[in-house]
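Down below is the structure, laid out as structure tokens.
The values are calculated or read from the model by the stated rules, or taken from the named source; none is laboratory data. The model shown is predicted, which means the values in this text are computed figures rather than measured ones. Neighbour counts are summed over all protein chains in view; Cβ atoms, including those assigned to glycine, are modelled from backbone coordinates with ideal geometry.
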Amino acid sequence: MSGWADGPEYITQCPIRPGQNYTYRFNVTRQEGTLWWHAHFKVLRATVHGALIIQPTLTRSYPFPKPYKEISVVLGEWWNADIMDVEAQATATGTPPNTSNAFTINGQPGDLYPCSSNRVENRVSAGTLPAKCGYPRDENYRKRHPHPTLFPDAGTRIPAADTRCGIRYPHPTLHPNFAGIGYPIPARVSGRVRVYPIPATRFSTPINAALNTPLFFKIANHKFTVVAVDAAYTNPYPTDVLVLAPGQTVDALMKADQFPRWYYMAASAYVALPLVPFVNISATAIISYLGAWKSTPVLPVMPNSRDTTTANNFLFNLTGLTSSPFWSPVPLNIDERMVVTVGLGLSFCDASSGICGGPAGMKIAASMNNVSFALPTRLSIMQAYYNNVSGIYTTDFPNNPPVAFDYTNPNNEANFALIPTVKGTKVKVFKYNTTVEMVFQNTALLASDDHPMHLHGLNFYVVGQGFGNYNPKIDTKNFNLVNPQERNTVMVPSYGWVVIRFRANNPDAHVPWGLASTFIIQNGPTPSTRLPPPPADLPKC
């Protein structure tokens, strides 16, 4: 994929302006399974996103039994407030953003949330609607449900303007005709998937589209076999619970071999720290066996929100499928080694902001190696690199933290000698085809939360994970250099570390997402390994 089709704002392109458009052109190679697309301007990905399913070509088959049916499950969040206002308030005050009001499965929170308590099936018998819901009888006042592919009762009609009953459609950006509409959900419509009561295999593809929260995912009385993560095949991994950091995807097989009835699928928060606020209600949807009588769905027993054992057993134990046609050996000879601390720090308030709401009247800032990344605004980094424009970025992102300390010692949470950050647009430059080993070391500064790290434009191997301070003399002995999991997003555990390896062979400007920094991969020796000219319709700043 050319870097011009990557999308991070001010990294590979300037944002698409209101009323304008830009066509992303790319080829999918050496990947099969589930990825996702999303907006990449500030936090708009919270509402602008969807699944990208890559199937084998007609001449190839899956490296596992062909599933009877594929089901896309997008796990997300719902805010009552405008998500852009939530971010703006956090930026202005220097405090963490408010949490979402609900988790969702394919856009709906499900039966456990108060906003779903007015559903028709919960309140009235079939064919009867309470007058106070204002449900119009005239078909001219109704519109079709906007997602017939996600919900089996395609064509069920909903009121066009009633706001007193039901829930609001969660994607006003994608579906402006439904923005703010409240509607009663007809019986047996809300988030239901039908399956046949035979031991046929289903292909479930959960995606965590939440902004910051890792999620547990279960289906009552059913088990999974994980076969891919982030569109890279894994060795089959049996489990009854899936764990997804924000941005991660999982392809899992599920057999519909249970008694024909209704079962809940559910998603709940995984939060490692005790003081981090979160929504402690599971999002739900219904798995309905064909021919099953309507019944109270069975709810899965979800892990405790702080169940680090369950979360890390899943995240640490996946392995890559070396017999996959796309597998490449793990780099053994390393050209560049980096140790990057990830976590929180403090920065000074803007002059116009006065005193901020963080500790010592400062702003809470995410940082990597004590650098809090500042996006350019005049030109994207990749445009500046391609056109050799100076003054947009500097090439002095450090290979190591400025000060070595006891990174995960809780006593350092309020160590103000270590917490201040430096703000800058600092990038790291790699020569083409460089083999890189990067250690992501979490810190205890302010709080040691889990941090999802996503590498744009490249996959990497997760060769090691652990807790405490990374020790190269000891921890390298436990590296998996044979069949590590291949990913594009990894979660750095609270009070822990992750080591990844990759080959820098995609000329581009890349950004690890979650905590931000950028690195540039220089052009290779041939036309196919060089960054092509920017497309004519590339957005302008």
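Among the residues of the stretch 473-503, those that are aliphatic (A, V, I, L, M), under 16 Å from residue 333 (Cα atoms) and either modelled with pLDDT under 95 or not in a strand (DSSP E or B) (or both) comprise 481, 482. Can you find a residue in the stretch 226-237 that is assigned to a strand (DSSP E or B), under 25 Å from residue 67 (Cβ atoms), of a type outside the set (Phe, Trp, Tyr) and at pLDDT below 65? Checked the stretch 226-237: no residue is assigned to a strand (DSSP E or B), under 25 Å from residue 67 (Cβ atoms), of a type outside the set (Phe, Trp, Tyr) and at pLDDT below 65.
Residues are listed down the side, and each one gets a yes or a no for (1) surrounded by 16 or more Cβ atoms within 10 Å (Cβ to Cβ); (2) among the polar types (S, T, N, Q); (3) out of contact with any Cys (no Cβ under 9 Å at 6 or more places or on another chain); (4) in contact (Cβ under 8 Å) with a residue 40 or more places away in the chain:
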site	(1), (2), (3), (4)
40	yes, no, yes, no
43	yes, no, yes, yes
46	yes, no, yes, yes
55	no, yes, yes, no
73	yes, no, yes, yes
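For the condition on the phi > 0 side of the Ramachandran plot, outside any strand (DSSP E or B) and either among the basic types (Lys, Arg) or at pLDDT 95 or above (or both), residue 354 does not qualify.
Residues are listed down the side, and each one gets a yes or a no for (1) hydroxyl-bearing (Ser, Thr, Tyr); (2) at pLDDT 90 or above:
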| site | (1), (2) |
| --- | --- |
| 14 | no, yes |
| 20 | no, yes |
| 23 | yes, yes |
| 36 | no, yes |
| 43 | no, yes |
| 51 | no, yes |
| 71 | no, no |
| 75 | no, yes |
| 79 | no, yes |
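Against the definition (surrounded by fewer than 23 Cβ atoms within 10 Å (Cβ to Cβ), farther than 25 Å from residue 396 by Cβ and not small (Gly, Ala, Ser)), how does residue 433 come out, yes or no? Judged against the criteria, residue 433 is not a match. Scanning the stretch 24-38 for residues that are surrounded by 15 or more Cβ atoms within 10 Å (Cβ to Cβ) and either of a type in the set (Asp, Glu) or over 15 Å from the mean Cα position of the chain (by Cα) (or both) yields a total of 3. Does any residue of the stretch 322-329 turn out to be part of a loop (DSSP other than H, G, I, E, B), within 30 Å of residue 32 (Cα to Cα) and among the aromatic types (Phe, Trp, Tyr)? So far as the stretch 322-329 goes, yes, one or more of its residues are part of a loop (DSSP other than H, G, I, E, B), within 30 Å of residue 32 (Cα to Cα) and among the aromatic types (Phe, Trp, Tyr). Residues of the stretch 467-481 that are closer than 25 Å to residue 410 by Cα and touching a residue at least 40 places away in the same chain (Cβ under 8 Å): 467, 468, 469, 470. Is it the case, given these coordinates, that residue 244 is closer than 18 Å to residue 206 by Cβ, among the hydrophobic types (A, V, I, L, M, F, W, C) and crowded, with 20+ Cβ neighbours inside 10 Å? Yes, satisfied. When the stretch 302-314 is limited to residues that are in contact (Cβ under 8 Å) with a residue 12 or more places away in the chain and out of contact with any strand residue (DSSP E or B) (no Cβ under 6 Å at 6 or more places or on another chain), the one that is farthest from residue 229 (Cα to Cα) turns out to be 306.
Candidates in the stretch 288-303 are the residues that are of a type in the set (A, V, I, L, M, F, W, C) and at pLDDT 90 or above; of these, the one that is farthest from residue 75 (Cα to Cα) is 298. Any residue at all in the stretch 345-366 that's within 28 Å of residue 485 (Cα to Cα) and acidic (Asp, Glu)? There is no residue in the stretch 345-366 that is within 28 Å of residue 485 (Cα to Cα) and acidic (Asp, Glu).
Is one or more of the residues making up the stretch 102-118 assigned by TED's automatic domain parsing to the domain that holds residue 213 and farther than 25 Å from residue 300 by Cβ? There is no residue in the stretch 102-118 that is assigned by TED's automatic domain parsing to the domain that holds residue 213 and farther than 25 Å from residue 300 by Cβ.
Yes/no matrix, rows are residues, columns are (1) without any contact (Cβ under 8 Å) to a residue 60 or more places away in the chain; (2) under 30 Å from residue 479 (Cα atoms); (3) surrounded by fewer than 17 Cβ atoms within 10 Å (Cβ to Cβ); (4) aliphatic (A, V, I, L, M):
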site	(1), (2), (3), (4)
343	no, yes, no, no
388	yes, no, yes, no
401	no, yes, no, no
446	no, yes, no, yes
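Screening residue 18 on (1) without any contact (Cβ under 8 Å) to a residue 12 or more places away in the chain; (2) in contact with a Pro (Cβ under 7 Å, 6 or more places away or on another chain); (3) within 23 Å of residue 535 (Cα to Cα) shows it passes everything except condition (2).
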